Structure formats: C-alpha cells, structure tokens
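Undergrad: Before anything else, here's the structure in question.
The values are calculated or read from the model by the stated rules, or taken from the named source; none is laboratory data. Since we're looking at a predicted model, the values are computed, not measured. All Cβ positions, glycine included, derive from the backbone under ideal geometry; neighbour counts span all protein chains shown.
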Amino acid sequence: MIRLLVGILVFVINTLYRNRPYPRFYVLETVARVPYFAYMSVLHLYETLGLWRKADWLKIHFAESWNELHHLLIMESLGGNSQWIDRFIARHTALVYYWIIVAIYMANPRAAYHFMELVEQHAYHSYDGFLKDREIELKDQPAPPVAIDYYRDGDLYMFDEFQTGVRAESRRPTIDNLYDVFLNIRDDEQEHVKTMSACQQDDARIALKSPHSPTQAVFAESTKGA
Ligand SMILES: [Fe+2]
Ligand SMILES: [Fe+2]
C-alpha cells in the first residue's frame with residue numbers, strides 16, 4: 001500500500017510535469033512537506049492526551065518541514081507556482097495526502113516513515129538527474145535571495161536541526177549560483193532519507209535526538225504526559 005501511494009504520486013508528477021521542472025518541483029515540495037505536518041499533528045495529539053511525549057521528534061519534524069518550506073520558496077521564486085492549475089493540483093494533492101498519512105501514522109508509525117523515506121528518495125533522484133541534465137545552464141544563473149539567506153547568510157540553527165545524521169554546524173554550503181542551490185536541495189533530500197530511515201529503527205525512541213540536544217536527560221522520553 002505504501003509503495004502504491006508513492007507510485008501514484010510519482011506517476012502523476014512524472015507524467016504531468018515531464019518537461020516543466022520548476023512547476024514539477026513546486027508540486028513535489030508542496031506535497032513533500034505534508035507528511036511532516038501529519039507526524040507533528042499526531043505527536044501533538046498524543047502529548048495533549050498525556051499518552052506520549054517526544055519533544056525531540058516534534059522539533060526534528062518541524063525542522064524538516066521548515067527545510068521543505070525553503071525548497072518550496074525557492075521553487076516559487078523560480079516561477080514554479082505561476083500557473084493556477086499547478087497550485088490547484090499541488091494543494092489538493094497535499095490535502096489528500098495529509099489525511100492519509102495521519103491515518104497511517106496513527107495505525108503504524110513505521111509504515112508512515114517508510115512512505116516518506118521513499119518520497120525523499122524520489123526527490124533526491126529527481127534533483128540529481130536535473131543537476132546532471134542542466135549543469136551548464138544552472139551554473140550561469142544567480143541563486144535566489146531566499147536560498148542565499150537560508151543556506152549561507154541567515155541564522156542556520158534550523159538548517160542544522162533537521163540533519164540528524166551529521167554533527168550540528170558541520171555542513172556550511174557554498175551558494176554562488178543556481179547549481180549550488182539545487183545541489184544543496186538534493187543533499188537535503190538525502191539527509192531526509194537518513195532521518196526517515198533512523199525513525200524506523202527499533203531503538204529510535206531512545207536514539208533519535210535533536211542535533212542540538214544538550215543532554216539526553218533534558219530531552220529524555222517521558223511517558224508521564226504533560
Ligand atoms: Fe524538498
Ligand atoms: Fe524532501
């Protein structure tokens with residue numbers, strides 16, 4: 001079922017947007033944020049009900065959604081959302097996928113994380129192919145200001161926060177042109193794949209921590225509720 005859900009999404013995006021990369025990435029980024037919203041909604045519900053507190057996971061999932069938001073803002077700055085039909089398709093698909101992922105996450109969190117691991121893998125390969133096909137053209141174009149601010153000149157706390165597979169502050173991108181921007185978007189997707197894989201491990205409840213977590217005691221898993 002998970003593979004079918006991902007397959008439908010990939011088929012629709014690849015078929016409808018074969019020759020329109022920026023609208024295609026705009027749709028992909030709009031939908032790709034939604035599972036993180038679904039995870040946060042369910043985790044928030046569990047915490048509100050006093051069932052399960054997992055502050056680190058909420059923080060990491062928000063940072064992941066924040067990263068995807070910036071991918072989306074970059075696509076919008078490149079004109080990916082300029083046509084009404086693309087905004088319509090992206091938003092309605094996101095709405096449907098949000099509720100599907102909420103239901104899957106409540107029934108089987110590991111399956112919901114597996115879904116996102118596959119989506120992130122697809123995103124990685126999409127950007128990797130785009131970089132290979134358009135290298136010269138992309139190196140000739142400037143980076144959008146939103147990308148320069150997010151990756152290089154702004155506050156990079158949130159940029160570090162979603163990368164659970166690397167030490168905080170160890171990745172500092174060079175952003176000189178549009179190629180660098182897409183290279184880093186691609187690498188972000190690879191970090192998402194790693195985190196989604198880590199979320200499915202047996203020891204994830206204990207082992208998966210915010211990159212900024214000072215001690216395990218502060219963020220220790222609590223079953224006592226709020
Ligand atoms: Fe993305
Ligand atoms: Fe992603």
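Undergrad: When you look at I89, is it under 13 Å from V27 (Cβ atoms) and among the β-branched types (V, I, T), yes or no?
TA: yes
Undergrad: Return yes or no: is L138 buried (at least 16 other Cβ atoms within 10 Å of the Cβ), modelled with pLDDT under 95 and more than 16 Å from ligand 1 (Cβ to nearest atom)?
TA: For L138, the condition - buried (at least 16 other Cβ atoms within 10 Å of the Cβ), modelled with pLDDT under 95 and more than 16 Å from ligand 1 (Cβ to nearest atom) - is not met.
Undergrad: So if I check each of Y97, Y105, which one is within 15 Å of ligand 1 (Cβ to nearest atom), more than 21 Å from Y150 (Cα to Cα) and surrounded by 20 or more Cβ atoms within 10 Å (Cβ to Cβ)?
TA: Y97
Each row is one residue, and each column tells you yes or no for (1) within 16 Å of ligand 2 (Cβ to nearest atom); (2) assigned to a helix (DSSP H, G or I); (3) touching a Ser or Thr at 6+ places or on another chain (Cβ under 8 Å); (4) of a type in the set (A, V, I, L, M, F, W, C).
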residue: L43; (1), (2), (3), (4): no, yes, no, yes
residue: H70; (1), (2), (3), (4): yes, yes, no, no
residue: L73; (1), (2), (3), (4): yes, yes, no, yes
residue: L95; (1), (2), (3), (4): no, yes, no, yes
residue: I101; (1), (2), (3), (4): yes, yes, no, yes
residue: I104; (1), (2), (3), (4): no, yes, no, yes
residue: L118; (1), (2), (3), (4): yes, yes, no, yes
residue: Y124; (1), (2), (3), (4): yes, yes, no, no
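Undergrad: Please determine whether any residue of the stretch 47-61 is within 29 Å of D155 (Cα to Cα), away from ligand 2 (no atom under 13 Å from the Cβ), in a helix (DSSP H, G or I) and at pLDDT 95 or above.
TA: No, there is no match, as no residue in the stretch 47-61 is within 29 Å of D155 (Cα to Cα), away from ligand 2 (no atom under 13 Å from the Cβ), in a helix (DSSP H, G or I) and at pLDDT 95 or above.
Undergrad: When you check R152 against the structure, is it of a type in the set (K, R) and buried (at least 17 other Cβ atoms within 10 Å of the Cβ), yes or no?
TA: Yes.
Undergrad: Which of the residues that make up the stretch 77-86 are surrounded by fewer than 18 Cβ atoms within 10 Å (Cβ to Cβ), touching a residue at least 12 places away in the same chain (Cβ under 8 Å) and either within 14 Å of ligand 2 (Cβ to nearest atom) or assigned to a helix (DSSP H, G or I) (or both)?
TA: Within the stretch 77-86, just S77 meets the criteria.
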